[in-house]
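Have a look at the structure below before the remarks.
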Amino acid sequence: MKLILLGAPGAGKGTQAEILSRELNIPTISTGNILRAAMKAGTEVGLKAKAFVEAGKLVPDDVIIGIIQERLSQEDCQNGYILDGVPRTIPQAETMEKLGVEIDCALSIEVDDEVIIKRMSGRRTCKDCSQTFHIVNNPPKKEGVCDFCGGELTIRKDDAPETVKARLVTYHKETEPLKKFYEERGKLCSVDNQPTIEATTAEIRKTLGI
Ligand code: AMP
């Protein structure tokens, strides 16, 4: 299964990607997580990306394409992958197509902006392993502590309400046109956000026939 998850920031792409990744035994490739790790480690890519990420802007396409080419060439991607948050622009999608990156389906998770804004204010992210939680919808067993690695849960800088609004504007302008791009290639499917994570997963399973 070679899957792209499309959707606004906070639509639940990361959460659903982790669930599908475990079930299908294929890796999730999240450019957001790769960039945050690079920023934390202070690598060249991290230094290039920092100002864009913190302002809620998109990182330049060439940086993203470099990351994705490198990651997809690794052994664990040979049987499939879930792309979370990439491509994010038409030029990224076109370049990936030219590079021969295969896609079975681009799955869009549809969520209203008002729901996103409310949801992002409760999101908490592990500073060590990037796992996300939500203080109401998906709370950790112990407040402020990651269930998976014991790391400290923090609020991502770019989850601040003003930055979320900027990210939504960017999503509608730059990323949403990808729905048409994949529709024209007969690859688009979409699911509506459901009241719970499990119900959204069930909708995705039905749509993908898995
Ligand atoms: P995410 O965790 O997917 O919400 O990504 C966090 C931030 O990383 C975004 O707001 C962008 O600044 C940057 N980013 C992640 N993926 C991409 C991409 N494919 N293209 C450009 N910027 C990206």
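For the range 35-53, residues that are in a helix (DSSP H, G or I) and more than 8 Å from the ligand (Cβ to nearest atom) total 12.
The rows are residues; the columns are (1) in contact with a helix residue (DSSP H, G or I) (Cβ under 7 Å, 6 or more places away or on another chain); (2) hydroxyl-bearing (Ser, Thr, Tyr); (3) within 14 Å of the ligand (Cβ to nearest atom); (4) assigned to a helix (DSSP H, G or I).
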| site | (1), (2), (3), (4) |
| --- | --- |
| Glu114 | no, no, no, yes |
| Thr125 | no, yes, yes, no |
| Phe133 | no, no, no, no |
| Pro140 | no, no, no, no |
| Leu153 | no, no, no, no |
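When Ile4, Ile19, Ile64 are checked against the criterion of being among the β-branched types (Val, Ile, Thr), more than 8 Å from the ligand (Cβ to nearest atom) and open to solvent by less than 20 Å² (accessible area, probe 1.4 Å), a single residue qualifies: Ile4.
Considering only residues that are β-branched (Val, Ile, Thr) and surrounded by fewer than 16 Cβ atoms within 10 Å (Cβ to Cβ), which ones fall in the range 95-143? Outline the logic, then answer.
Here is the first cut: in the range 95-143, the residues β-branched (Val, Ile, Thr) are 95, 101, 103, 109, 111, 115-117, 125, 132, 135-136.
Once the filter is applied, which keeps residues that are β-branched (Val, Ile, Thr) and surrounded by fewer than 16 Cβ atoms within 10 Å (Cβ to Cβ), the range 95-143 yields Val115, Ile117, Ile135, Val136.
Test Gly56 against the criterion of being within 8 Å of the ligand (Cβ to nearest atom) and either in contact with a Gly (Cβ under 6 Å, 6 or more places away or on another chain) or farther than 20 Å from Ser130 by Cα (or both), and give yes or no. So Gly56 fails the test. Among the residues making up the range 144-166, none is open to solvent by less than 30 Å² (accessible area, probe 1.4 Å), farther than 16 Å from Ser121 by Cβ and among the acidic types (Asp, Glu). Gln92 fulfils the conditions (1) part of a strand (DSSP E or B); (2) near the ligand (Cβ under 10 Å from one of its atoms) except for a single criterion, (1).
The values are calculated or read from the model by the stated rules, or taken from the named source; none is laboratory data. None of the values given here were measured: they were computed from a predicted structure. Positions of Cβ are generated from backbone atoms using ideal geometry, with glycine treated the same way; all protein chains shown enter the neighbour counts. The protein model used for the area step is the full one, side chains on, heavy atoms only, and it has no ligands, DNA or RNA in it. Shrake-Rupley method; radii C 1.70, N 1.55, O 1.52, S 1.80 Å.
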